[in-house]
Amino acid sequence: MDHWFAGVVAWLALPQYGLLTLFVVSLVSATLLPLGSEPALAGLVLLNPSLTWWAILVATIGNTIGGAITWATGYGAERAYEGLAHRKPPGPASRRARMLVDRYGPRACLLSWLPVIGDPLCAVAGWLQLPFWPCVGYMAVGKFLRYLFYTIALVWLWPYLRPWLQAHGL
């Protein structure tokens, strides 16, 4: 299994698949599955600086589509279990997400990029049947700003981090 996984990772790391890989990783990381898209973005930007803006755009699109899928999952779960819409979804992250969504409505989806509560936030927005397109619009803005600031910080800090990492054998 490890050999197969290493082969898939090596194949996806090929330059001609870089943006596609970033899209898939960004999409999956915005669902309730535990995965981060930042390392994929960092790797692509550091290996191909000319793709920086494309990488930010592709990561934003993939992550926003993943957020929309999570919204639809919450919406579908509520529809499948009618009568449970007034119950709070389980778990502390979902409770925090519910508080934000109840208070701010679709604008709460601006925070969908946050670790731990971001994905449940999208699911709770769907669960509460908040309007889809405003939620997706706010998700896209928040995710774009996250990737933009992350990439700026990476590009700015990389010249300082690289020698330190090399000195420590990393």
**Request:** Look at Leu130 and say whether it is part of a loop (DSSP other than H, G, I, E, B) and open to solvent by less than 80 Å² (accessible area, probe 1.4 Å).
**Result:** yes
Filter segment 65-80 for residues that are small (Gly, Ala, Ser) and at pLDDT 90 or above; the one that is most open to solvent (accessible area, probe 1.4 Å) is Ala72
Only one of Val155, Val116, Val124 is open to solvent by 60 Å² or more (accessible area, probe 1.4 Å) and closer than 17 Å to Thr31 by Cα, namely Val116
Going through segment 101-118 in order, the residues found to be within 12 Å of Ala68 (Cβ to Cβ) and not polar (S, T, N, Q) are Cys109
Those residues of segment 53-64 which are free of Cβ contacts under 8 Å to residues at least 40 places away in the same chain and either open to solvent by less than 70 Å² (accessible area, probe 1.4 Å) or among the polar types (S, T, N, Q) (or both) amount to Val58
Across (1) out of contact with any Gly (no Cβ under 7 Å at 6 or more places or on another chain); (2) modelled with pLDDT of 95 or more; (3) open to solvent by less than 50 Å² (accessible area, probe 1.4 Å); (4) of a type outside the set (Val, Ile, Thr), Arg98 clears everything bar (2)
Within segment 43-52, residues open to solvent by 10 Å² or more (accessible area, probe 1.4 Å) and either hydroxyl-bearing (Ser, Thr, Tyr) or assigned to a helix (DSSP H, G or I) (or both) come out as Gly43, Leu44, Leu46, Leu47, Pro49, Ser50, Leu51, Thr52
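The values are calculated or read from the model by the stated rules, or taken from the named source; none is laboratory data. All values reported here derive from a predicted model rather than from experimental measurement. No Cβ is skipped: glycine too gets one built from the backbone with ideal geometry, and neighbour counts run over all protein chains shown. Just so you know, the surface numbers come from the protein's heavy atoms only, side chains and all, with ligands and any DNA or RNA stripped out. Shrake-Rupley method; radii C 1.70, N 1.55, O 1.52, S 1.80 Å.
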